[in-house]
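Okay, so here's the structure we're looking at.
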Amino acid sequence: MDRLELDKALRRLGDVLRERRVTGEIAVFGGAAIVLGFDFRNATQDVDAMIIQGHGQVVKAQQEVGAELGLPPNWLNEQGTSYLSKHNDFEMFKTYPSEGQFGLRVLTATPQYLLAMKLLSFRAYGHDLEDIVQLAKRLGCTTADSLLELVKRYYPDEQVLPEKILEIRSIARQIHAPEKP
């Protein structure tokens, strides 16, 4: 889903909830939060979210919206919640259809939180490396020590294994590598 398709799906989800006089609230993270908040990534496969309010109604409505718009059944899912920190750091993104009405409130993870999550869950395939490099540059968090510090701030109870430290050091070198034309 690109930014327009994502916005259309969230808007429709908000409309369905408003029609049912329900207020749903979701906290979006991962690729969808990057697509919504930044210009360096144009699409995501799904919306990783934590449903904060109106859980059953949001799940039911997202299934209906997905069928209506031809989206995969799990276009909005909670599968990535295992990567969330105890120190959740979300900010208000947008209310669909509008503030003060029933509908959908969407929060997104802050850039710092997104970067910490991406570092902890890093996969060598997909968009993870590009997302990490872009977020780190925008935040000025470009050394291995500052990246590790960020991970430890959001995940203080997580044991950062030596392999992960080596991976983060390698990522820091890639952050400083000249960009390809």
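The values are calculated or read from the model by the stated rules, or taken from the named source; none is laboratory data. Please read all numbers here as calculations on a predicted model, not as lab measurements. Positions of Cβ are generated from backbone atoms using ideal geometry, with glycine treated the same way; all protein chains shown enter the neighbour counts. Heavy atoms of the whole protein, side chains included, go into the accessibility calculation; ligands, DNA and RNA do not. Shrake-Rupley method; radii C 1.70, N 1.55, O 1.52, S 1.80 Å.
Tabulated data for the structure shown
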item: GNM top mover of Met92, Met50, Met117 - the chain, alpha-carbon springs below 10 Å; result: Met92
item: The chain, helix-only ellipticity at 222 nm - DSSP H runs n ≥ 4, -39,500 (n - 2.57), divided by all residues, nearest 500; result: -15500 deg cm²/dmol
item: Chain lengthening between Asn74 and Glu163 when straightened (0.36 nm per residue, less Cα-Cα); result: 28.8 nm
item: Spacing of the two label points (7 Å from each Cα toward its C-beta) at Leu4 and Lys152, in nm; result: 4.6 nm
item: log10 of Debye I(q)/I(0), alpha-carbon scatterers only, for the chain at 0.09, 0.13 Å⁻¹; result: -0.34, -0.67
item: Long-range amide H partners of Val22 with built H, under 5 Å; result: Gly103
item: Whether region 20-87 is rounded, prolate or oblate, judged on the alpha carbon gyration tensor where a/c under 1.5 counts as rounded; result: oblate
item: Dipole of region 1-79 [Lys/Arg +1, Asp/Glu -1 at C-beta], most positive-end residue of Ala61, Met50, Val22; result: Val22
item: Heavy-atom accessible area per residue - region 90-156, 1.4 Å, Å²; result: 46 Å²
item: Over 26 Å (Cα to Cα) - which of Lys8/Lys60; Lys86/Lys164; Lys86/Lys118; Lys60/Lys94; Lys60/Lys152 fall in this group; result: Lys60/Lys152
item: Rough spin-label spacing in nm, given labels placed 7 Å along Cα→Cβ, for Ser170 and Leu139; result: 2.1 nm
item: Kyte-Doolittle at least -1.0, axis length at least 18 Å by Cα - qualifying DSSP helices, the chain; result: 3-19, 55-69, 162-176
item: Candidates Val28, Val59, Val47: whichever shows maximal mean-square fluctuation once the chain is modelled as a Gaussian network with Cα springs under 10 Å; result: Val59
item: With every protein chain in place, region 1-119: carbon and sulfur % of accessible area (1.4 Å); result: 47 percent
